[in-house]
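The values are calculated or read from the model by the stated rules, or taken from the named source; none is laboratory data. Predicted model only: the values in this text are computed from it and were never measured. Reconstructed Cβ throughout: ideal geometry from the backbone, glycine too, with neighbour counts over all protein chains shown. Just the protein is used for accessible areas: all its heavy atoms, side chains included, with ligands, DNA and RNA removed. Shrake-Rupley method; radii C 1.70, N 1.55, O 1.52, S 1.80 Å.
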2 protein chains.
Amino acid sequence: MEVKVGVTNRHVHLTQDDLNILFGDNYELTPRNYLDQPGQFATVETVTLKTPKNMKEYVRIVGPVRNYTQVEVLESDKEYFGINPPVRNSGNLEGSETITIIGPKGEITKENSCIIANRHIHINTRDAKNFKDDEIVSVKYNNLMLNNIHIKIGDNYALAFHINKDDAIKNNIENGGIVILRKE
Amino acid sequence: MEVKVGVTNRHVHLTQDDLNILFGDNYELTPRNYLDQPGQFATVETVTLKTPKNMKEYVRIVGPVRNYTQVEVLESDKEYFGINPPVRNSGNLEGSETITIIGPKGEITKENSCIIANRHIHINTRDAKNFKDDEIVSVKYNNLMLNNIHIKIGDNYALAFHINKDDAIKNNIENGGIVILRKE
């Protein structure tokens, strides 16, 4: 099965409550460009991330709003921010890192909010008969084998292999490239 | 005379006409945080900069809208973008570089739009009796002499020494620091 690569940079997901704190009451995110998963978009708005050690402005938000607030950073951000976020599935935030998110109207410091996204493949439920949710698979990219990739099954997913930017750079993987997923 | 340092990162100024192309008809910029010059603000909105060689997302816009569109980049962007913008006063765009600015609703490729901002000091007209506009001065920062700094006089200026980020890093100058300006 051929799967298209989507390289993901650091980004933030917000609940409506947290969005209200950062941008004002009943704030609505403005789509900037749509992403490979249906309905998901990068927004015109950005936030600043801050830790006791450092800050980074103009970090993208991915909308629409979610039922949890989550900051996904990169391996190289560990030293920059002086934090140690775990490599995780999206939404698995227990025991993850603390980070401060700053918007034009307010800021929030959130424990258990910051992870590094693991390698994962989104598969639509209709195409996922041979897979179990959170099954670990491998893919081939040119002559390279990539392991430890989590399967994510959902009714609204489009087929895509997501790998974070640092992981992609380290392995010379290009956004929009094709990997081969084989069910062993 | 003590002058506060303002370190400037890459950013874009837009005319209302260009803002309309990038963000939609009659678009109004949303202030994100105010800057050291009265009425000037970084906006919630960002743009993407693009050349044949490379692109950079989430570049800040500085509002309010101006009567010229101008992209200010850094020395290190020359290699990144594969362009050769001159070091200039803001607004002095003749013969400067071409760059593409991309927003959520459209894009513009503009000749004579891209410079590297020179070192300059903003002085309010009421305090500028001993200076001429565009006079070249030097300042002292700790034990370092910095030369070739352009005086900018305006009725709405606050006293500030602006130096771009690459120049500041190279000379170990911190945002918010103090330089001493002496009229020789």
Exercise. Counting only residues that are under 19 Å from A:L19 (Cα atoms) and open to solvent by less than 50 Å² (accessible area, probe 1.4 Å), how many does region A:79-110 have?
Worked result: 11
Exercise. Inside region B:74-119, can you point out the residues that are part of a strand (DSSP E or B) and under 13 Å from the mean Cα position of the chain (by Cα)?
Worked result: B:V87, B:R88, B:S113, B:C114, B:I115, B:I116, B:A117
Exercise. Is it the case that region B:65-73 has a residue that's surrounded by fewer than 20 Cβ atoms within 10 Å (Cβ to Cβ) and closer than 20 Å to B:D166 by Cα?
Worked result: no
For this session: State all residues of region B:10-47 that are touching a strand residue (DSSP E or B) at 6+ places or on another chain (Cβ under 7 Å), open to solvent by 10 Å² or more (accessible area, probe 1.4 Å) and of a type in the set (S, T, N, Q); if no residue qualifies, say none.
Result: B:T30, B:N33, B:Q37, B:Q40
For this session: Give the number of residues within region A:132-153 that are surrounded by fewer than 17 Cβ atoms within 10 Å (Cβ to Cβ) and not small (G, A, S).
Result: 12
Seminar exercise, completed: Checked region A:36-60 for anything in contact (Cβ under 8 Å) with a residue 40 or more places away in the chain, over 21 Å from A:N84 (Cα atoms) and within 12 Å of another protein chain (Cβ to nearest Cβ); matches are A:E45
Problem set entry | Of all residues making up region B:70-105, the number that are of a type in the set (G, A, S), touching a residue at least 24 places away in the same chain (Cβ under 8 Å) and either within 14 Å of chain A (Cβ to nearest Cβ) or under 23 Å from B:V7 (Cβ atoms) (or both) | 3
Exercise. If you check B:N20, B:N67, B:N26, B:N33, which single one turns out to be outside any loop (DSSP other than H, G, I, E, B) and more than 14 Å from chain A (Cβ to nearest Cβ)?
Worked result: B:N20
